[in-house]
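Each remark here refers to the structure printed beneath this line.
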Amino acid sequence: MSVEVNNESEIAADLERISALGRHILSELHVHPETEVSIILMDEEPMSALHVEWMDIDGPTDVMSFPMDELRPGRPGSPTEAGMLGDIVICPQVATTQAAAGGHSVEDEILLLTTHGMLHLLGFDHAEPEEKEIMFALQRQLLEGFLGRPAPRETMN
């Protein structure tokens, strides 16, 4: 699995750990081992520009996902087809604010946002209460499986 992580922000981040989480999620959800995903950490100004361009909402947001091949989770013994899953863009400055509000580390918040973004790329959403319950339970399960401890509380926009 190819999980490329680039930090284009002014905030330091553990890129290998973010990549390892991405690989963990893809493996746990039975996504083909040749699938590719890109994660970019971006400062507030370019994130604001993306937010306006794609969502028509002013100001930076925490995470945005841009799916490409519209892959969905596979099943044990039946992984998805190989493909380009898409791109995730995370704003560490927004993550810093949310981490403080949630009482956990910025690293934990970035890992939470990575998990959230990966699930969006795989077709999960939280617009409806029942969708949110499913997505956030899976998000917590995947992150706790990676961390080996309770996941941070969701503080996302």
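The values are calculated or read from the model by the stated rules, or taken from the named source; none is laboratory data. As the structure is a prediction and not an experimental result, all values here were calculated from the model. For neighbour counting, all protein chains shown are included, and Cβ atoms are generated from backbone atoms with ideal geometry for every residue, glycine included. What goes into the accessible areas is simple: the full protein's heavy atoms, side chains included, and nothing from ligands, DNA or RNA. Shrake-Rupley method; radii C 1.70, N 1.55, O 1.52, S 1.80 Å.
Only one of (1) within 19 Å of H24 (Cβ to Cβ); (2) out of contact with any Pro (no Cβ under 7 Å at 6 or more places or on another chain) is not met by D43, so which one is it?
(1)
For E28, indicate whether it is open to solvent by 80 Å² or more (accessible area, probe 1.4 Å) and touching a residue at least 60 places away in the same chain (Cβ under 8 Å).
Details: open to solvent by 80 Å² or more (accessible area, probe 1.4 Å): yes; touching a residue at least 60 places away in the same chain (Cβ under 8 Å): yes.
Against the criterion (open to solvent by 80 Å² or more (accessible area, probe 1.4 Å) and touching a residue at least 60 places away in the same chain (Cβ under 8 Å)), E28 qualifies.
Taking segment 56-92 on its own, how many of its residues are free of Cβ contacts under 8 Å to residues at least 60 places away in the same chain, aliphatic (A, V, I, L, M), buried (at least 19 other Cβ atoms within 10 Å of the Cβ) and not in a loop (DSSP other than H, G, I, E, B)? Let's see the steps before the verdict.
Step one: list which residues in segment 56-92 are free of Cβ contacts under 8 Å to residues at least 60 places away in the same chain, which gives 56-60, 64-90.
Next, from what is left, pick out any that are aliphatic (A, V, I, L, M): 57, 64, 68, 71, 82, 84-85, 88-90.
With the extra rule that they be buried (at least 19 other Cβ atoms within 10 Å of the Cβ), the set shrinks to 64, 71, 85, 88-90.
Applying the additional criterion that residues be not in a loop (DSSP other than H, G, I, E, B) yields 64, 85, 88-90.
Going through segment 56-92 one residue at a time, the tally reaches 5.
Tally the residues that are assigned to a helix (DSSP H, G or I), open to solvent by 50 Å² or more (accessible area, probe 1.4 Å) and among the polar types (S, T, N, Q), restricting the search to segment 97-115. If you could, list the steps in order and put the result at the bottom.
If we filter segment 97-115 for residues that are assigned to a helix (DSSP H, G or I), which is where we start, we get 97-102, 106-115.
Among the residues that remain, those that are also open to solvent by 50 Å² or more (accessible area, probe 1.4 Å) are: 97, 100-101, 107.
Next cut, among the polar types (S, T, N, Q) only: 97.
Here the count works out to 1.
Is it fair to say L138 is surrounded by 15 or more Cβ atoms within 10 Å (Cβ to Cβ) and either under 21 Å from N7 (Cα atoms) or in contact with a Ser or Thr (Cβ under 7 Å, 6 or more places away or on another chain) (or both)? Lay out the reasoning, then the answer.
Working: surrounded by 15 or more Cβ atoms within 10 Å (Cβ to Cβ): yes; either under 21 Å from N7 (Cα atoms) or in contact with a Ser or Thr (Cβ under 7 Å, 6 or more places away or on another chain) (or both): no.
Spelling it out, it is not the case that L138 is surrounded by 15 or more Cβ atoms within 10 Å (Cβ to Cβ) and either under 21 Å from N7 (Cα atoms) or in contact with a Ser or Thr (Cβ under 7 Å, 6 or more places away or on another chain) (or both).
Can you tell me which residues in segment 116-139 are in a helix (DSSP H, G or I) and touching a residue at least 12 places away in the same chain (Cβ under 8 Å)? Can you show your working first?
Filtering segment 116-139 for residues in a helix (DSSP H, G or I) gives 116-121, 129-139.
Answer for segment 116-139, where residues must be in a helix (DSSP H, G or I) and touching a residue at least 12 places away in the same chain (Cβ under 8 Å): H116, G117, M118, L119, H120, L121, M135, F136, L138, Q139.
Could you please give the count of residues in segment 94-115 that are β-branched (V, I, T) and without any contact (Cβ under 8 Å) to a residue 24 or more places away in the chain? Show your work before the answer.
In the first step, residues of segment 94-115 are kept if they are β-branched (V, I, T); the result is 94, 96-97, 106, 110, 114-115.
With the extra rule that they be without any contact (Cβ under 8 Å) to a residue 24 or more places away in the chain, the set shrinks to 97.
Final tally of qualifying residues: 1.
Here is a list: E53, E44. Which entry is closer than 23 Å to V106 by Cβ and either surrounded by fewer than 16 Cβ atoms within 10 Å (Cβ to Cβ) or over 13 Å from the mean Cα position of the chain (by Cα) (or both)? Reasoning before the result, please.
Details: E53 fails: closer than 23 Å to V106 by Cβ.
Result of the check over E53, E44: E44.
When segment 1-25 is examined, which residues are found to be in a loop (DSSP other than H, G, I, E, B), in contact (Cβ under 8 Å) with a residue 12 or more places away in the chain and hydrophobic (A, V, I, L, M, F, W, C)? Walk me through how you get there before you give the answer.
Keep residues of segment 1-25 that are in a loop (DSSP other than H, G, I, E, B), which gives 1, 8-14.
Now drop any that are not in contact (Cβ under 8 Å) with a residue 12 or more places away in the chain, which leaves 1, 8-11, 13-14.
M1, I11, A13, listed by residue number.
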